[in-house]
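The values are calculated or read from the model by the stated rules, or taken from the named source; none is laboratory data. Predicted model only: the values in this text are computed from it and were never measured. Cβ sites come from the backbone with ideal geometry, for glycine too, and all protein chains shown count toward neighbours. We work out accessible area using only protein heavy atoms, side chains counted, and drop any ligands, DNA or RNA first. Shrake-Rupley method; radii C 1.70, N 1.55, O 1.52, S 1.80 Å.
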Amino acid sequence: MTHGTYNPYTIAQYQFDKVADLLELDDGVRQLLRQPMREYHFSIPVRMDDGTVRVFNGFRVQHNDARGPAKGGIRFHPMETIDTVRALSMWMTWKCAVVDIPLGGGKGGVICDPHQLSLREQEQICRGWVRQIAKNVGPWSDVPAPDVMTNGQHMLWMLDEFETIHGGRFPGFITGKPLGSGGSQGRTEATGYGVVYVLATALDEMGIAIDKTTASIQGFGNVAQYAARLYTQLGGKVLAISCWDQHDMTSYTYRKKSGVNVIELQDIADKFGSIDKKRASDLGYELLPGDAWLEQDVDILIPAAIESQIHLDNVDNIAPGVKVIAEGANGPTTPEADEVLQQRNILTLPDFLTNAGGVTCSYFEQVQCNTNYFWDKNEVLQKLEKSMTSSYIAVGDVARRQKISMRDAAYVIAINRVAKAVQARGWA
Ligand code: NAD
């Protein structure tokens with residue numbers, strides 16, 4: 001197959017079709033699951049700080065809610081496309097199913113660049129997004145969360161607008177809320193820590209001691225920072241981190257061969273996960289091109305930025321010593337590159353399993369909000385580790401038994417669960 005410009009939706013459908021064939025999935029179920037059940041496109045007018053009105057395009061896509069309310073983040077990104085949102089909503093369905101939480105898949109977005117917007121303007125976008133979709137989302141139907149360039153503050157503005165419209169308190173409407181405002185302990189760390197829980201279990205199975213390994217990471221936002229923190233706490237050494245530089249409109253890789261200091265880098269990164277070049281070089285980091293993160297002579301690669309970053313044109317630049325790729329981002333590897341990785345015997349820990357820690361903790365947040373009883377951080381993280389580890393082991397068992405990749409095995413489990421729910425409801 002060829003993908004031209006790496007359309008994530010084409011990739012998500014290709015991955016689905018491959019496993020649907022393997023499972024000989026019923027045709028009606030296949031038709032239903034290979035596309036979203038509902039999608040909403042709307043305009044959000046915002047009075048800007050200079051008095052003019054700008055209209056932003058917003059989306060919400062609900063791929064499937066047979067197993068429970070749709071669940072998935074909202075992205076703010078200048079290059080957001082409906083096909084990316086469709087793909088991400090589909091991956092959310094599989095993600096919730098593979099870790100067996102009673103939620104479906106959804107995703108949302110707004111085409112905008114928060115770097116260029118004041119906080120007041122961002123608040124207006126959040127409230128405007130909710131005003132357009134308030135009747136089609138809610139704790140009973142579709143539960144949003146933060147994603148790229150959105151955070152707990154955005155979620156709280158959205159919750160406030162939703163509660164104003166519906167006249168009540170509905171903390172289960174949205175997750176990723178700040179602590180003290182219905183948020184869960186551990187949610188900030190959950191996705192990155194989840195990546196490392198899965199990675200550590202995989203390394204253990206491979207007989208590799210994590211404290212003898214090195215890694216290179218793409219991204220330095222929420223997922224990457226907490227993955228890097230836990231990985232280094234467990235004794236691993238991160239040699240390089242790549243992130244976007246808004247000033248130069250390109251990405252750079254920051255390398256320290258003796259091992260980066262994650263806390264030090266967090267101190268010189270902005271809230272969008274961009275590292276300050278000048279301060280990094282003052283601290284002794286080498287400044288390399290953005291793609292260099294992929295070429296490092298390490299044991300582990302953790303793509304944790306955006307989709308389609310490992311593709312046919314750069315997959316051969318991966319160093320011979322790389323043993324594991326732990327996908328923190330959604331859709332970071334194109335199918336062609338995936339095949340090359342399999343031929344090279346590099347274990348790829350697939351995105352919708354590996355980064356499921358965020359949605360698992362979001363589910364915990366919902367449970368805590370609904371019971372109005374909040375757990376301490378240890379309890380949250382223990383439950384999270386148990387869920388991530390057991391999901392990884394279940395996927396590994398299927399991969400070994402059926403002699404298929406971890407990605408296909410994760411799809412086998414997820415598609416079977418969703419297909420069963422769809423059929424049990426009599427939808428197909
Ligand atoms: P974020 O906005 O906090 O961080 C994104 C990071 O990627 C930033 O450091 C940015 O500089 C970097 N980046 C962007 N473009 C880049 C490029 N071309 N080259 C190098 N770096 C680049 O986002 P996040 O929440 O950490 O999410 C990262 C990925 O993980 C996304 O694919 C997201 O969908 C996925 N994800 C996030 C969560 C979550 O809970 N936050 C959960 C599951 C999956």
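Tabulated data for the structure shown
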| quantity | calculated |
| --- | --- |
| Test: P78 is at pLDDT 95 or above and in contact with a helix residue (DSSP H, G or I) (Cβ under 6 Å, 6 or more places away or on another chain) | no |
| Some residue of the stretch 33-44 being among the aromatic types (F, W, Y), more than 20 Å from the chain's Cα centre (by Cα) and in a strand (DSSP E or B) | yes |
| Residue within the stretch 245-259 that is surrounded by fewer than 20 Cβ atoms within 10 Å (Cβ to Cβ), in a helix (DSSP H, G or I) and among the hydrophobic types (A, V, I, L, M, F, W, C) present | no |
| Residue in the stretch 395-414 that is at pLDDT below 95, touching a Leu at 6+ places or on another chain (Cβ under 8 Å) and either farther than 21 Å from K71 by Cβ or in a loop (DSSP other than H, G, I, E, B) (or both) present | no |
| Residue check for G192: among the small types (G, A, S), part of a loop (DSSP other than H, G, I, E, B) and either modelled with pLDDT of 95 or more or surrounded by 24 or more Cβ atoms within 10 Å (Cβ to Cβ) (or both) | no |
| Residue satisfying all of: in the stretch 345-384; hydroxyl-bearing (S, T, Y) and away from the ligand (no atom under 14 Å from the Cβ); least open to solvent (accessible area, probe 1.4 Å) among these | T348 |
| Tabulated pairs, the stretch 293-315, first within 16 Å of F220 (Cβ to Cβ) and of a type in the set (F, W, Y), second crowded, with 21+ Cβ neighbours inside 10 Å and modelled with pLDDT of 95 or more, C-beta under 8 angstrom, 6+ apart or interchain | W293/S216; W293/I217; W293/Q218; W293/A240; W293/I241; W293/S242; W293/T253; W293/L301 |
| Residue ID - most open to solvent (accessible area, probe 1.4 Å), chosen from residues in the stretch 385-405 that are touching a residue at least 12 places away in the same chain (Cβ under 8 Å) and aliphatic (A, V, I, L, M) | I393 |
| V238 being among the aliphatic types (A, V, I, L, M), in a strand (DSSP E or B) and at pLDDT 95 or above | yes |
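Conditions (1) among the β-branched types (V, I, T); (2) open to solvent by 70 Å² or more (accessible area, probe 1.4 Å); (3) within 16 Å of the ligand (Cβ to nearest atom); (4) modelled with pLDDT of 95 or more, marked per residue:
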| site | (1), (2), (3), (4) |
| --- | --- |
| D291 | no, yes, yes, yes |
| L294 | no, no, yes, yes |
| D297 | no, yes, no, yes |
| L301 | no, no, yes, yes |
| N314 | no, no, yes, yes |
| A319 | no, no, no, yes |
| A326 | no, no, yes, yes |
| T333 | yes, no, yes, yes |
| L341 | no, no, no, yes |
